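Data block below; observations after.
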Amino acid sequence: LAQMLLLHFIYGGTRELSTSQAAKDLELTPTSISRASKQLEEMGLLHIKKVGVQRILQSEDSPKILFQKAGDKLLNPVKRTVYIPKELMKTDLLESGYSALAERSMLNAPNVKCYATERVSQWKDVMTSSLQDSQVQVAVEMWRYNPRKLSTRNIVDELSLALALREDADERVEEAVEEMLNELWRKIDGYRN
(Lines give C-alpha, C1' and ligand atoms only; values in the text may rest on other atoms or scores of the structure.)
Protein backbone atom coordinates (compact mmCIF):
# COMPACT_ATOMS: atom_id res chain seq x y z
CA LEU A 1 0.00 0.00 0.00
CA ALA A 2 2.86 2.35 0.83
CA GLN A 3 4.22 1.54 -2.62
CA MET A 4 0.96 2.41 -4.34
CA LEU A 5 0.79 5.70 -2.44
CA LEU A 6 4.38 6.59 -3.33
CA LEU A 7 3.84 5.87 -7.02
CA HIS A 8 0.65 7.93 -6.99
CA PHE A 9 2.59 10.78 -5.37
CA ILE A 10 5.30 10.53 -8.04
CA TYR A 11 2.72 10.61 -10.84
CA GLY A 12 1.41 13.83 -9.35
CA GLY A 13 4.84 15.37 -9.90
CA THR A 14 5.88 15.04 -6.21
CA ARG A 15 4.01 18.22 -5.44
CA GLU A 16 2.21 18.43 -2.13
CA LEU A 17 -0.58 15.92 -1.68
CA SER A 18 -2.94 15.79 1.27
CA THR A 19 -3.63 12.37 2.74
CA SER A 20 -7.37 13.01 2.41
CA GLN A 21 -6.98 13.68 -1.32
CA ALA A 22 -4.80 10.57 -1.70
CA ALA A 23 -7.48 8.49 0.04
CA LYS A 24 -10.05 9.83 -2.41
CA ASP A 25 -7.83 9.30 -5.47
CA LEU A 26 -6.93 5.73 -4.55
CA GLU A 27 -10.32 4.89 -3.02
CA LEU A 28 -8.77 3.79 0.23
CA THR A 29 -9.61 4.53 3.85
CA PRO A 30 -7.92 7.52 5.51
CA THR A 31 -6.57 5.11 8.13
CA SER A 32 -4.77 2.95 5.61
CA ILE A 33 -3.40 6.03 3.83
CA SER A 34 -2.11 7.49 7.06
CA ARG A 35 -0.43 4.18 7.91
CA ALA A 36 1.18 4.06 4.47
CA SER A 37 2.34 7.69 4.78
CA LYS A 38 4.01 6.93 8.10
CA GLN A 39 5.85 4.01 6.52
CA LEU A 40 7.09 6.26 3.72
CA GLU A 41 8.21 8.85 6.25
CA GLU A 42 10.07 6.19 8.26
CA MET A 43 11.80 5.05 5.07
CA GLY A 44 13.00 8.60 4.61
CA LEU A 45 11.17 9.03 1.32
CA LEU A 46 8.50 11.60 2.18
CA HIS A 47 7.80 14.21 4.85
CA ILE A 48 4.44 14.69 6.47
CA LYS A 49 3.54 18.27 7.28
CA LYS A 50 0.57 19.08 9.50
CA VAL A 51 -1.56 22.04 8.48
CA GLY A 52 -4.48 22.36 10.85
CA VAL A 53 -6.24 19.03 10.62
CA GLN A 54 -4.73 18.27 7.23
CA ARG A 55 -1.70 16.07 6.74
CA ILE A 56 0.31 16.96 3.66
CA LEU A 57 2.83 14.69 1.97
CA GLN A 58 5.88 16.43 0.54
CA SER A 59 9.26 15.74 -1.00
CA GLU A 60 12.08 17.97 -2.19
CA ASP A 61 13.05 15.41 -4.80
CA SER A 62 12.04 15.38 -8.42
CA PRO A 63 9.83 12.44 -9.44
CA LYS A 64 12.76 10.67 -11.10
CA ILE A 65 15.08 11.10 -8.09
CA LEU A 66 12.39 9.97 -5.66
CA PHE A 67 11.74 6.84 -7.74
CA GLN A 68 15.47 6.10 -7.83
CA LYS A 69 15.82 6.75 -4.11
CA ALA A 70 12.98 4.35 -3.33
CA GLY A 71 14.85 1.81 -5.47
CA ASP A 72 15.19 -1.47 -3.61
CA LYS A 73 12.37 -0.68 -1.22
CA LEU A 74 9.94 -0.98 -4.12
CA LEU A 75 8.67 -4.49 -4.78
CA ASN A 76 7.84 -6.19 -8.01
CA PRO A 77 4.04 -5.77 -8.18
CA VAL A 78 3.66 -9.21 -9.78
CA LYS A 79 3.22 -12.05 -7.28
CA ARG A 80 2.74 -14.82 -9.81
CA THR A 81 1.81 -15.41 -13.42
CA VAL A 82 -0.69 -17.98 -14.67
CA TYR A 83 -1.90 -18.90 -18.14
CA ILE A 84 -5.55 -19.12 -19.10
CA PRO A 85 -7.51 -19.88 -22.28
CA LYS A 86 -7.89 -16.75 -24.42
CA GLU A 87 -11.65 -17.04 -24.64
CA LEU A 88 -12.01 -16.81 -20.86
CA MET A 89 -10.07 -13.55 -20.74
CA LYS A 90 -12.17 -10.78 -19.26
CA THR A 91 -12.23 -7.74 -21.50
CA ASP A 92 -11.74 -5.32 -18.63
CA LEU A 93 -8.24 -6.51 -17.72
CA LEU A 94 -5.31 -4.14 -18.19
CA GLU A 95 -2.49 -5.09 -20.52
CA SER A 96 0.76 -5.73 -18.74
CA GLY A 97 4.24 -7.20 -19.18
CA TYR A 98 5.82 -7.13 -22.65
CA SER A 99 2.41 -6.40 -24.19
CA ALA A 100 2.19 -3.14 -22.27
CA LEU A 101 5.84 -2.32 -22.91
CA ALA A 102 5.34 -2.83 -26.65
CA GLU A 103 2.56 -0.21 -26.55
CA ARG A 104 4.90 2.30 -24.92
CA SER A 105 8.16 1.70 -26.77
CA MET A 106 9.74 0.34 -29.94
CA LEU A 107 9.66 -3.23 -28.60
CA ASN A 108 7.77 -5.74 -30.76
CA ALA A 109 4.56 -7.16 -29.36
CA PRO A 110 5.02 -10.62 -27.82
CA ASN A 111 3.32 -13.77 -29.11
CA VAL A 112 1.50 -14.27 -25.84
CA LYS A 113 -0.50 -11.30 -24.58
CA CYS A 114 -0.17 -10.46 -20.93
CA TYR A 115 -2.70 -8.94 -18.51
CA ALA A 116 -2.72 -7.82 -14.88
CA THR A 117 -5.32 -8.32 -12.16
CA GLU A 118 -5.52 -8.51 -8.39
CA ARG A 119 -7.11 -11.97 -8.18
CA VAL A 120 -6.78 -15.07 -10.29
CA SER A 121 -9.02 -17.38 -8.23
CA GLN A 122 -11.88 -17.13 -10.77
CA TRP A 123 -9.74 -19.15 -13.22
CA LYS A 124 -8.46 -21.74 -10.76
CA ASP A 125 -10.08 -24.62 -12.69
CA VAL A 126 -8.63 -23.65 -16.06
CA MET A 127 -5.30 -21.98 -15.35
CA THR A 128 -1.86 -23.52 -15.76
CA SER A 129 1.32 -22.38 -14.05
CA SER A 130 3.40 -22.62 -17.20
CA LEU A 131 2.60 -21.79 -20.81
CA GLN A 132 1.25 -24.86 -22.63
CA ASP A 133 0.09 -23.39 -25.90
CA SER A 134 0.86 -19.88 -27.10
CA GLN A 135 -1.92 -20.16 -29.70
CA VAL A 136 -4.72 -20.56 -27.20
CA GLN A 137 -3.46 -19.12 -23.92
CA VAL A 138 -2.81 -15.65 -22.52
CA ALA A 139 -0.70 -14.75 -19.48
CA VAL A 140 -2.39 -13.23 -16.45
CA GLU A 141 -0.31 -11.68 -13.67
CA MET A 142 -1.59 -11.58 -10.13
CA TRP A 143 -0.59 -8.23 -8.60
CA ARG A 144 0.06 -7.13 -5.01
CA TYR A 145 -2.26 -4.18 -5.50
CA ASN A 146 -5.11 -3.35 -7.80
CA PRO A 147 -3.38 -2.25 -11.05
CA ARG A 148 -6.42 -0.13 -11.96
CA LYS A 149 -5.76 2.33 -9.16
CA LEU A 150 -2.64 3.75 -10.78
CA SER A 151 -3.59 3.35 -14.40
CA THR A 152 -5.45 5.89 -16.49
CA ARG A 153 -5.79 3.76 -19.61
CA ASN A 154 -6.25 0.14 -20.62
CA ILE A 155 -2.65 -0.68 -19.77
CA VAL A 156 -0.82 -0.83 -16.45
CA ASP A 157 1.03 2.25 -15.24
CA GLU A 158 4.62 2.88 -16.29
CA LEU A 159 6.32 2.78 -12.89
CA SER A 160 4.71 -0.50 -11.83
CA LEU A 161 5.58 -1.95 -15.23
CA ALA A 162 9.19 -0.84 -14.86
CA LEU A 163 9.29 -2.55 -11.44
CA ALA A 164 7.75 -5.72 -12.87
CA LEU A 165 10.43 -5.88 -15.57
CA ARG A 166 13.34 -4.69 -13.44
CA GLU A 167 14.91 -8.17 -13.22
CA ASP A 168 14.67 -8.76 -16.94
CA ALA A 169 18.13 -9.37 -18.36
CA ASP A 170 17.19 -8.82 -22.00
CA GLU A 171 18.90 -5.67 -23.27
CA ARG A 172 16.05 -4.80 -25.61
CA VAL A 173 13.65 -4.90 -22.69
CA GLU A 174 15.96 -2.74 -20.57
CA GLU A 175 16.25 -0.18 -23.35
CA ALA A 176 12.50 -0.15 -23.92
CA VAL A 177 11.87 0.39 -20.18
CA GLU A 178 14.35 3.24 -20.14
CA GLU A 179 12.71 4.81 -23.19
CA MET A 180 9.30 4.54 -21.51
CA LEU A 181 10.54 6.06 -18.22
CA ASN A 182 12.31 8.95 -19.93
CA GLU A 183 9.09 9.74 -21.74
CA LEU A 184 7.23 9.60 -18.41
CA TRP A 185 9.65 11.95 -16.60
CA ARG A 186 9.28 14.44 -19.44
CA LYS A 187 5.52 14.24 -19.19
CA ILE A 188 5.49 14.64 -15.38
CA ASP A 189 8.01 17.49 -15.45
CA GLY A 190 5.69 19.13 -17.92
CA TYR A 191 2.98 19.25 -15.22
CA ARG A 192 5.42 20.49 -12.63
CA ASN A 193 6.59 23.49 -14.60
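The values are calculated or read from the model by the stated rules, or taken from the named source; none is laboratory data. These numbers were taken from a predicted model, which means no experiment stands behind them. Backbone-built Cβ (ideal geometry, glycine too); neighbour counts: all protein chains shown. Areas reflect the complete protein model, heavy atoms only, side chains present, ligands, DNA and RNA absent. Shrake-Rupley method; radii C 1.70, N 1.55, O 1.52, S 1.80 Å.
What does the C-alpha gyration tensor say about the overall shape of region 75-149? Classify as rounded when a/c is under 1.5, otherwise prolate if a/b is larger than b/c, or oblate. Kindly include the intermediate steps, with their values, before the conclusion.
Details: a/c = 1.70, a/b = 1.11, b/c = 1.54.
It is oblate, given that a/c is not under 1.5 and a/b is not larger than b/c.
Taking the Cα centre of the chain as origin and charging only Cβ (+1 Lys, Arg; -1 Asp, Glu), how large is the dipole, in debye to the nearest 20?
On the way: 27 positive and 28 negative charges, 184 e Å.
My answer is approximately 880 debye.
Among the lysines of region 39-98, pairs that are 8 or more positions apart or on different chains and have alpha carbons within less than 29 Å of each other number 10.
In the chain, taking the dipole from charged Cβ atoms about the Cα centre, the farthest positive-side position among Asn76, Val136, His47 is held by His47.
Legend: calculated FRET efficiency, Val173 to Leu1, from the Cβ-Cβ distance at R0 = 22 Å, rounded to 0.05, equals 0.20. Short-range pairs are left out: with C-alpha atoms under 8 Å and at least six residues apart, the relative contact order of the chain is 23 percent. Taking each residue as 0.36 nm, the span from Ser129 to Ser32 lengthens on full extension beyond its C-alpha to C-alpha distance by 31.7 nm.
Among 152-160, 180-188, 97-105, how do they line up by average Cβ neighbours within 10 Å per residue, starting with the highest? Please list the in-between numbers first.
Working: 152-160: 19.7, 180-188: 15.4, 97-105: 21.9.
With the highest mean Cβ count within 10 Å placed first, the list reads 97-105, 152-160, 180-188.
Charges at C-beta only: +1 for Lys and Arg, -1 for Asp and Glu. How large is the resulting dipole of region 99-193 about its Cα centre, in Debye rounded to 20? Intermediate values should be presented prior to the final figure.
Values: 13 positive and 17 negative charges, 119 e Å.
That gives region 99-193 a dipole magnitude of about 580 debye.
The residues of the chain have, on average, 55 Å² of accessible surface per residue, using a 1.4 Å probe with all protein chains present. Apply the a/c threshold of 1.5 to the C-alpha gyration tensor of region 44-114 and tell me whether it is rounded, prolate or oblate. Prolate, since a/c reaches 1.5 and a/b exceeds b/c.
Taking the charge dipole of region 65-193 about its Cα centre, with +1 at Lys and Arg Cβ atoms and -1 at Asp and Glu Cβ atoms, the residue from Thr152, Tyr98, Ile65 reaching farthest to the positive side is Thr152.
Magnitude of the charge dipole for region 108-149, about its Cα centre and with charges confined to Cβ atoms of Lys, Arg (+1) and Asp, Glu (-1), is about 260 debye.
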